[in-house]
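Working notes, beginning with the structure itself.
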Amino acid sequence: FLTLRYMPLRGSISNYVDSCTSLGMMTLLTCGCYLSSAENIVGVAVVASILVFSILLLLLGGLAFYLVTYCRRRKVKPFKYFITHHKMGTGAFARLLKIY
């Protein structure tokens, strides 16, 4: 959970998805170690299958979340009003509009 503390990725959701995926992979590797000498191989295989499907669902959910936020953000303009491209003539007018 040190990864969540320093937030190495850009978004907070991607950090959580990354941490949960890593934790799931570590648990899956642990289940793989149990498969080599376990008497209840079917139970370990079921737990490993559930982990694999939950990791895939988590990754697909994170991808869907980012696609939705990207599509929403693309439709919003970064400014409220557009005055003109001409910089010298309307610079003072734009500053005046910001005052009011």
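The table below gives the values:
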| quantity | calculated |
| --- | --- |
| Within the stretch 17-60, tally of residues that are touching a residue at least 24 places away in the same chain (Cβ under 8 Å) and open to solvent by 90 Å² or more (accessible area, probe 1.4 Å) | 1 |
| Test result for TYR6, loosely packed, with under 14 Cβ neighbours inside 10 Å, over 30 Å from LEU97 (Cβ atoms), modelled with pLDDT under 75 and within 22 Å of the chain's Cα centre (by Cα) | yes |
| Pair list, Cβ < 8 Å and 6+ apart or interchain, from the stretch 79-98 residues that are part of a loop (DSSP other than H, G, I, E, B) to residues that are modelled with pLDDT of 70 or more and of a type in the set (Phe, Trp, Tyr) | ILE83/PHE93 |
| Residue in the stretch 24-35 that is farther than 20 Å from LEU9 by Cβ, modelled with pLDDT under 75 and among the hydroxyl-bearing types (Ser, Thr, Tyr) present | yes |
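The values are calculated or read from the model by the stated rules, or taken from the named source; none is laboratory data. Keep in mind that what you see is a predicted model, and the values were worked out from it rather than measured. Backbone-built Cβ (ideal geometry, glycine too); neighbour counts: all protein chains shown. Accessible surface is based on the protein model in full, side chains and every heavy atom, while ligands, DNA and RNA are left aside. Shrake-Rupley method; radii C 1.70, N 1.55, O 1.52, S 1.80 Å.
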